[in-house]
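**Q** Take this structure, written in structure tokens, and hold onto it; I'll ask about it next.
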């Protein structure tokens with residue numbers, strides 16, 4: 001009787017599982033599901049990861065000899081952190097045990113045995129750190145009001161976070177995993193503290209902000225200025241085009257501001273954008289012709305679907321709605 005009941009329960013669970021899987025497949029693009037079934041594309045660990053690739057690039061560490069012991073200097077700590085976060089972002093879709101098991105499997109597949117053991121150990125400490133960070137946030141609260149009190153609260157959380165990082169990681173791991181991020185956060189917090197300081201005049205705030213900018217490390221300053229340099233370069237390119245500059249003129253301008261390789265890549269982007277713009281223009285013209293025809297609504301809808309299937313891939317078609325709404 002017990003065995004029969006057990007088999008019945010198992011059968012019910014299998015049916016329910018298949019129904020859930022079927023419901024998931026119905027929400028997905030049929031072409032994507034087909035690629036999974038045919039083995040052309042691996043099924044993502046979680047639905048939210050569909051169409052993405054694991055961050056970190058750990059495969060290059062698979063050829064490192066598996067001898068001796070490994071210290072933090074030999075591990076790609078920054079890459080590992082990004083790799084961990086890629087899969088940890090799926091918590092909620094999958095339980096913690098499944099997520100950690102997946103990360104360990106990928107580590108073992110991507111790294112030499114000795115480095116994999118060290119990476120798994122780092123994973124354990126990183127997960128413990130994240131849990132301690134959540135506990136800290138609960139203890140300090142989450143006051144987001146733009147007041148003096150909120151700035152003090154943010155500073156407390158920031159310093160508490162730094163203390164936890166020092167407890168869980170050695171100096172090299174700390175710098176590799178959090179150095180750049182922490183430098184940026186520290187600058188942003190210092191700027192906020194200055195602007196929210198009611199004891200300072202506007203002139204004093206401006207003076208301190210200027211001193212803060214001037215005292216930034218060179219690498220951080222370059223990183224913060226990079227977006228503005230790109231915008232400035234694009235403005236120069238637009239002005240050159242308005243004056244009738246050739247593609248070769250634009251390439252030389254970009255190569256001088258950046259480097260020849262970056263200039264070539266930007267040229268490729270320009271050509272791809274121009275090609276896409278041409279395809280969209282043709283599609284919108286064909287679409288308008290269909291909508292203005294004397295066919296029934298059902299016939300027009302069928303013709304539009306055929307048009308999209310003929311001219312665009314499964315990845316491109318979702319983008320069409322944004323252009324259709326403009327016309």
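**Q** Can you name the residue in the range 61-77 that is under 26 Å from residue 131 (Cβ atoms) and not in a loop (DSSP other than H, G, I, E, B) and is also modelled with the lowest pLDDT among such residues?
**A** Among those that are under 26 Å from residue 131 (Cβ atoms) and not in a loop (DSSP other than H, G, I, E, B), it is 72.
**Q** Would you check if residue 182 is surrounded by fewer than 17 Cβ atoms within 10 Å (Cβ to Cβ), farther than 19 Å from residue 83 by Cβ and modelled with pLDDT of 90 or more?
**A** For residue 182, the condition - surrounded by fewer than 17 Cβ atoms within 10 Å (Cβ to Cβ), farther than 19 Å from residue 83 by Cβ and modelled with pLDDT of 90 or more - is met.
**Q** Return yes or no: is residue 171 modelled with pLDDT of 85 or more and in the same structural domain as residue 86 (by TED's automatic domain parsing)?
**A** Against the criterion (modelled with pLDDT of 85 or more and in the same structural domain as residue 86 (by TED's automatic domain parsing)), residue 171 qualifies.
**Q** Here's something else I'd like to know. Would you point out which residue out of 91, 80 is farther than 18 Å from residue 165 by Cβ and either at pLDDT below 75 or surrounded by 13 or more Cβ atoms within 10 Å (Cβ to Cβ) (or both)?
**A** None of the others qualify; the one that does is 91.
**Q** Also, I was wondering about something else. May I ask you to say which residue of 177, 161 is touching a residue at least 60 places away in the same chain (Cβ under 8 Å), in the same structural domain as residue 97 (by TED's automatic domain parsing) and assigned to a helix (DSSP H, G or I)?
**A** Answer to the check: 177.
**Q** Here's another thing I want to ask about it. Which of (1) part of a helix (DSSP H, G or I); (2) exposed (fewer than 14 other Cβ atoms within 10 Å of the Cβ) is the odd one out, the single condition residue 233 does not satisfy?
**A** (2) is the only condition that residue 233 fails.
**Q** Filter the range 185-215 down to residues that are under 30 Å from residue 82 (Cα atoms) and either in the same structural domain as residue 163 (by TED's automatic domain parsing) or touching a strand residue (DSSP E or B) at 6+ places or on another chain (Cβ under 6 Å) (or both), then give me how many there are.
**A** Matching residues across the range 185-215 total 9.
**Q** Among the residues of the range 261-280, are any under 28 Å from the mean Cα position of the chain (by Cα) and assigned to a loop (DSSP other than H, G, I, E, B)?
**A** The answer is no, given that none of the residues of the range 261-280 is under 28 Å from the mean Cα position of the chain (by Cα) and assigned to a loop (DSSP other than H, G, I, E, B).
**Q** Here's a follow-up. Working only within the range 243-260, note down all residues that are surrounded by 13 or more Cβ atoms within 10 Å (Cβ to Cβ) and not in a helix (DSSP H, G or I).
**A** Residues satisfying the conditions are 245, 258.
**Q** A further question on this structure: Being modelled with pLDDT of 85 or more, touching a helix residue (DSSP H, G or I) at 6+ places or on another chain (Cβ under 9 Å) and in a helix (DSSP H, G or I): is that true of residue 130 here?
**A** The answer is yes for residue 130.
**Q** Something else about it: Is it true that residue 266 is within 30 Å of residue 179 (Cβ to Cβ), touching a helix residue (DSSP H, G or I) at 6+ places or on another chain (Cβ under 8 Å) and at pLDDT 90 or above?
**A** Yes; evaluated as a whole, the condition is true for this residue.
**Q** Give the range 281-316 a look and list any residue that's under 30 Å from residue 247 (Cβ atoms), in contact with a helix residue (DSSP H, G or I) (Cβ under 9 Å, 6 or more places away or on another chain) and part of a helix (DSSP H, G or I), or say none.
**A** Passing the criteria: 282, 283, 284, 286, 311.
The values are calculated or read from the model by the stated rules, or taken from the named source; none is laboratory data. Just so we're clear, the structure is a prediction, and the values are computed from it rather than from any experiment. With ideal geometry, Cβ positions are generated from the backbone for all residues, glycine too; neighbour counts draw on all protein chains shown.
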